[in-house]
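A.B. asks: Got a structure for you, questions after.
All of the numbers you see were taken from the coordinates with simple rules; none came from a lab. Note that the coordinates shown come from a computational prediction; the quantities given were computed from them, not determined experimentally. For neighbour counting, all protein chains shown are included, and Cβ atoms are generated from backbone atoms with ideal geometry for every residue, glycine included.
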Amino acid sequence: MKFTTLGSLQIWNGPRGCAPRTPKVLQVLAMLLVRANRTVRTESLIQELWSDNPPRSALTTIQTYIYQLRRLFERERLAESGDEMLITRSPGYILLVRPDQLDQQRFHDLREEGRAHFSRRRFAEASASLRSALKLWTENPLANVKLGTQLAAHVVDLQEQRRNTLQLAIESDMELGLHRELIAELRSMTAVYPLDEWFHQQLMRVLDRSGRRSDALRVYHSLRSTLGDELGIDPSAETQELHSRLLR
């Protein structure tokens, strides 16, 4: 059994997906998974599902959704008893999940492993761990779940963690001298994040180190134009210094 959240939320019973189809039950499951092995307060579930306008039957409805999840776990033989996997613990509920069963936890573990390798200047090991973490992503987190305020904030945090993980993976690969190999990826990232100077800086560096200084200069001029048109600002001092070094 595995749970995936770094893309569409799904429960995998071997090769078969068996996630609930009812939108609010799926939303409850998402709340339990993003806080796996921790108590999720009933009031948090109510806030996520109905914001500041819950129905009078909100508490009873949450209990019904929990019951449906427990029966699903039993029906799919994911647990002998749904009560043992999805525990009632005041003031809410806990979903018990092993670290190897949840892609989000595996992502965090690999990310921290990669960061530890990087800090010790073990760049090959760092790149391997960080790239493995990134491969767990298939699309935006919880892509098939209606997001309330809490889940939306969690998705934003996850996306920022992915971005930081990618940056560290690129730094690791640059330390390994994989400049030509990074050009296509960095071109893609500058298209995805047209205002992010960091990706543009690294693209300028790998192009220069690949003997393509003129292309690196074109990246700078494109960034300067975009920042000016979109935000009315110039590139940062760091980016301008990098440009100056390319001209020497």
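A.B. asks: With only Lys, Arg, Asp and Glu charged, each at its Cβ (+1 for the first two, -1 for the last two), find how big the charge dipole of the chain is about the Cα centre; round to the nearest 20 debye.
C.D. replies: On the way: 35 positive and 31 negative charges, 105 e Å.
The calculated dipole for the chain is roughly 500 debye.
A.B. asks: Using the beta-carbon distance between residue 146 and residue 38 and R0 = 25 Å, what value does 1/(1 + (r/R0)^6) give for FRET efficiency, to the nearest 0.05?
C.D. replies: Values: r = 22 Å, r/R0 = 0.88.
E(calc), rounded to 0.05, equals 0.70.
A.B. asks: Over all distinct alpha-carbon pairs, what is the Kirkwood Rh of the chain in angstrom?
C.D. replies: Numbers: mean 1/r = 0.0484 Å⁻¹.
Radius from the Kirkwood sum: 20.7 Å.
A.B. asks: Using a Gaussian network model of the chain with C-alpha springs under 10 Å, which one of 24, 135, 146 is most mobile by mean-square fluctuation?
C.D. replies: Top of the fluctuation ranking is 135.
A.B. asks: What longest range of the chain stays clear of loop-exposed GluC sites (Glu not before Pro) (DSSP non-H/G/I/E/B, at most 16 other C-beta within 10 angstrom)? Please list the in-between numbers first.
C.D. replies: Numbers: sites that count: 76, 80, 139.
Result for the longest clean stretch: 140-248.
A.B. asks: Taking the convex hull of the Cα atoms, report for segment 2-99 its projected area averaged over all directions, in nm². Write out the running numbers ahead of the final one.
C.D. replies: Working: hull surface 24.8 nm².
Value for segment 2-99: 6.2 nm².
A.B. asks: Net charge near residue 1, counting Lys/Arg +1 and Asp/Glu -1 over other residues with Cβ under 12 Å of its Cβ? Don't jump to the answer; show the numbers that get you there.
C.D. replies: Values: positive: 2, 16, 77, 98; negative: 76, 100.
Surrounding charge for residue 1 is +2.
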